[in-house]
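Accompanying notes for the structure given below.
The values are calculated or read from the model by the stated rules, or taken from the named source; none is laboratory data. Not measured: the values here are computed from a predicted model. Glycine also receives a Cβ, built like all others from the backbone with ideal geometry; neighbour counts cover every protein chain displayed.
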Amino acid sequence: MTTINLKEKLSEYFGFESFMSGQEETIKTVLSGHDTLSVLPTGTGKSLCYQLAGYLMNGTTLIVSPLLSLIQDQVSQFNFRGNGVAIGLTSLLSYSEKKYVLKNINAYKFIYLSPEMLSQVEVTNALKSINVSLFVVDEAHCISTWGPDFRPDYLNLNNVIAELGEPLILALTATATPRIQDDIVAQLIMPNRSFNKIIRSVNRENIFLSTIKVNDEFEKNEQLLGLLNKLDGVGIIYFSSKKKANEISELINQHTKLKSEPYHADLTDTARYIVQQQFMMNQIDVICATSAFGMGINKKDIRYVIHYHMPANFESYVQEFGRAGRDGQQSIAIVFSQVNDLFLQRRLIDLTIPDADFIKLYFKKHAELVGLGEEKGKLLDYYYEKHDTVDQVQALFRQRKIEKEIGLQSMMAFIDSNQCRKQEILRHFGESKVVQHDKSCCSVVFTEKTLEVIGLEKRRNVTDEKRLIQSSETIMTKLFQKS
Amino acid sequence: MIEDYILQMFQEDPRRPNVVYSIIIGRNTVSNIYWGMRYNLLDYFGMDPQFSNMLFRENIVKLQKNKLLDENEVGVKLTSLGLERKKKLKKSLYQVKYPKLMNQYRLNEWSETLTLAIQVISELSFTNRHYYPIMTSELTKFNIKRWLSNNVKEKLVSQVHSELELFIKELDTNAELIFMNKLIGHQLNGLTNKQLAIELTLSEIETDLIYRDTMNYFASWIEQQEQSVFKELVQLIRNKGIISESAQDTMKFINAGLSVNNIARKRQLKKSTINEHLLELAMFDDKFPYQLFLTSELVGILTKIIGGNIDQYSFQEIQEKIPEIDFFDYRLYQIYRSKNG
Ligand SMILES: [Zn+2]
């Protein structure tokens, strides 16, 4: 397949004129029959890689993705293109819907799955009845126990790939240190095969990076509101709790002229759809999101990303600020840092990682406790059903906790260091590239002058129109075109 | 605001909060339905299947803290302060207009179905095929596809348009604003409940109630029309009635003259299950044949003991007085009395 051909296909299927960095190389190695690991930074259109390759291959493309919201968004993008060939096989399907989908599984060209679906026998049996030609592991860093987002059910993927007759593998991630890259390959590789690696720098030249240090939350909110009033364009603020996201969104609506909406797992599907569409159409200035949910937002002209809470690790930080400036225009990312950040993040770790006593109790009284332990319990169920011993599981989670703590420490060190922000990030991801630091690159401490220097000081309000439409007649004309 | 609606579900006589919660989410057991009937809350049965128990509990605690509710060993009741507040709320708070419709339709499915139907028709009218459909269940997508193929596409746009116009004439201002502004289409993103609440200076729960009320009314309005392009869709989201199919089957055997023991044997069910069916039927079927199960003698004895307040004795207390009575007899008698005074 030649370059010209691929560009034609890109235009035919997606209406784009050119590839972004890393896309074409990824598609080429896949189409030439090589297992591939692509590390492409957020905003370079990872999903286009497997979608175009999938269209051009015979058979079905399976995509394993860790987040329900991400799957929903991807499937609705297929619907957007008018190709109703994708399905999300997730826990959101009702029993009868799932039965229907599995019975008609050969009707779909692209099948998105959550990893836990692949441990269900009726699912793997249905998949065995079709020709799976490409097996895509999205957010592939989740497979590595070294990584901050490790998902135990990703460890099972290797077995599934073997069971499905060893289809071609494409592993995708936005962030992976060399150690995690090696781990991904080691976990996925089939006997007597090898992986091609396509690695692009995590560096984002058009995003200015900076930090604001505050003493307490009151000061943080003051600074935040002041900052929002001076920033041009629209943006996202990331939070580590839904409650805070709601609270600050409310604060913004009350104390600024900006329109803000929270965006997290508590929203209904319809509300999420509406907020997303309004944001796309510039009817909302600021989205207050939790990390997991912000991933579905696919807007090119986001001018700023603010971290209200310190990110838990480099990987999340880089992925999240990478939502800014996908159009290549100058953008900015700011992290708020507060003295008790470490305390807050440690508490979040304690909330998600079961300790030794809990593990012991849970295994001993599994029959009584199953379904009660919520997030921690679900995590432990996986190991319980695998018949791991208490000692093994305790050791594993001790290790997980250490990994999380290391992630946290290196994030703290980053905040406290006075080196070039971008160089520090590259160093973390093992890149040797030297950043040409200048005044539009980054600053350790944010000053308002920066906005002038990089041309992001407020020029106009994005949203102004009143949202409620009083006249039903007006609504009707917006709904229906008279023929 | 939610707490105001929760407050309204209580009275001066104590009510069990668990039962009130089960009524709100529509947990379909004979005991819940019985108490829903006793509390006169059956119209609100299943009004919000997604309502969280934690939120319910938090609000009960909050109301107790504010001295509006009080708890004793029997249950939770209004204080005199609470009673005063309830009277005020009756005037100031949005009251459900069509409580009888609350459990006739599966409202979440209906809302998702109608919104998608209108979005699809809207885009069809602009001959646009490239758009993000709202996120719905696969079943709803399938239903809409079938609906489209069962109708003449060219006519659908004008049919849907004129039917909407006709329907909104029936609505008051807030209902019309909420109903219309929640629609999604070619040049319309729709508004969330939260956004509507802010714009209309209502609470979110009031906005939601008005919407639910209006959607229920729309469904029943469609059913009453001689012709409606939406009829087929409403059929799909209609509840088959609150009486379970299994209980309906039991009724057929009763009508054919079989005894409870015979029905149990024939259907290979436990006798207690058949008795549950009978209680369910008694509650919802006004023509229930009590005389087949309650002797006039027993009714006489029970009425003599119990007098006016049929909730005052527990089953254990009654059993001490009439050792041979079983729970089924007693509960059936209570249903009989609450229906016939
Ligand atoms: Zn720099």
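Observations
- Within the stretch B:113-138, tally of residues that are within 9 Å of chain A (Cβ to nearest Cβ), closer than 19 Å to residue A:272 by Cα and not polar (S, T, N, Q): 7
Yes/no per residue for (1) within 16 Å of the ligand (Cβ to nearest atom); (2) of a type outside the set (Val, Ile, Thr); (3) in the same structural domain as residue A:440 (by TED's automatic domain parsing); (4) in contact with a Phe, Trp or Tyr (Cβ under 8 Å, 6 or more places away or on another chain):
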residue: A:159; (1), (2), (3), (4): no, yes, no, no
residue: A:166; (1), (2), (3), (4): no, yes, no, no
residue: A:170; (1), (2), (3), (4): no, yes, no, yes
residue: A:174; (1), (2), (3), (4): no, yes, no, no
residue: A:180; (1), (2), (3), (4): no, no, no, yes
residue: A:190; (1), (2), (3), (4): no, yes, no, no
residue: A:218; (1), (2), (3), (4): no, yes, yes, no
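- Residues satisfying the stated conditions in the stretch A:440-477, i.e. surrounded by fewer than 16 Cβ atoms within 10 Å (Cβ to Cβ) and among the basic types (Lys, Arg): A:449, A:458, A:459, A:460, A:466
- Restricting attention to the stretch B:125-146 and to residues that are in contact with a Phe, Trp or Tyr (Cβ under 9 Å, 6 or more places away or on another chain) and either outside any loop (DSSP other than H, G, I, E, B) or in contact (Cβ under 8 Å) with a residue 60 or more places away in the chain (or both), the residue that is surrounded by the fewest Cβ atoms within 10 Å (Cβ to Cβ) turns out to be B:142.
- Unique match (being surrounded by fewer than 16 Cβ atoms within 10 Å (Cβ to Cβ), within 14 Å of chain B (Cβ to nearest Cβ), in a loop (DSSP other than H, G, I, E, B) and of a type in the set (S, T, N, Q)) among A:96, A:91, A:21: A:91
- Within the stretch A:438-458, the set of residues being more than 10 Å from the ligand (Cβ to nearest atom) and polar (S, T, N, Q) comprises A:447, A:450.
- Those residues of the stretch B:64-82 which are in contact with a Leu (Cβ under 9 Å, 6 or more places away or on another chain) and either modelled with pLDDT under 90 or not β-branched (Val, Ile, Thr) (or both), in sequence order: B:66, B:67, B:68, B:69, B:70, B:77, B:78, B:81, B:82
- Within the stretch B:235-271, being surrounded by 13 or more Cβ atoms within 10 Å (Cβ to Cβ) and closer than 28 Å to residue B:41 by Cα holds for B:236, B:237, B:238, B:242, B:243, B:244, B:246, B:247, B:248, B:249, B:250, B:251.
- Only listed residue being farther than 22 Å from residue A:43 by Cα and crowded, with 20+ Cβ neighbours inside 10 Å, chosen from A:274, A:237, A:284: A:274
Yes/no matrix, rows are residues, columns are (1) within 14 Å of chain B (Cβ to nearest Cβ); (2) buried (at least 16 other Cβ atoms within 10 Å of the Cβ); (3) under 30 Å from residue A:330 (Cβ atoms); (4) within 16 Å of the ligand (Cβ to nearest atom):
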{"site": "A:403", "(1), (2), (3), (4)": "no, yes, no, no"}
{"site": "A:424", "(1), (2), (3), (4)": "no, yes, yes, yes"}
{"site": "A:436", "(1), (2), (3), (4)": "no, no, yes, yes"}
{"site": "A:480", "(1), (2), (3), (4)": "yes, yes, no, no"}
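- Considering the conditions (1) at pLDDT 95 or above; (2) within 27 Å of residue B:152 (Cα to Cα), residue B:177 is excluded by exactly one of them, (2).
- When the stretch A:252-272 is filtered for residues that are without any contact (Cβ under 8 Å) to a residue 12 or more places away in the chain and more than 23 Å from residue A:228 (Cβ to Cβ), the ones remaining, listed by number, are A:268, A:270.
- Residue A:407 vs. criteria buried (at least 19 other Cβ atoms within 10 Å of the Cβ) and either away from the ligand (no atom under 13 Å from the Cβ) or without any contact (Cβ under 8 Å) to a residue 12 or more places away in the chain (or both): yes
- Among the residues making up the stretch A:423-440, those that are over 22 Å from residue A:412 (Cβ atoms) and in contact (Cβ under 8 Å) with a residue 24 or more places away in the chain are A:433, A:440.
- Check on residue B:183, in contact (Cβ under 8 Å) with a residue 40 or more places away in the chain, within 11 Å of chain A (Cβ to nearest Cβ) and crowded, with 20+ Cβ neighbours inside 10 Å: yes
- A count restricted to the stretch B:285-319 and to residues that are surrounded by fewer than 13 Cβ atoms within 10 Å (Cβ to Cβ), under 15 Å from residue B:332 (Cβ atoms) and of a type in the set (Ser, Thr, Tyr) stands at 2.
- Test: residue in the stretch B:88-97 that is away from every other protein chain (no Cβ under 14 Å), at pLDDT 90 or above and surrounded by 21 or more Cβ atoms within 10 Å (Cβ to Cβ): no
- The residues of the stretch B:198-223 that are within 11 Å of another protein chain (Cβ to nearest Cβ) and aliphatic (A, V, I, L, M), listed by number, are B:198, B:200.
- Sole residue being under 22 Å from the mean Cα position of the chain (by Cα), assigned by TED's automatic domain parsing to the domain that holds residue A:181, on the phi > 0 side of the Ramachandran plot and in contact (Cβ under 8 Å) with a residue 60 or more places away in the chain, chosen from A:59, A:54, A:43, A:33: A:43
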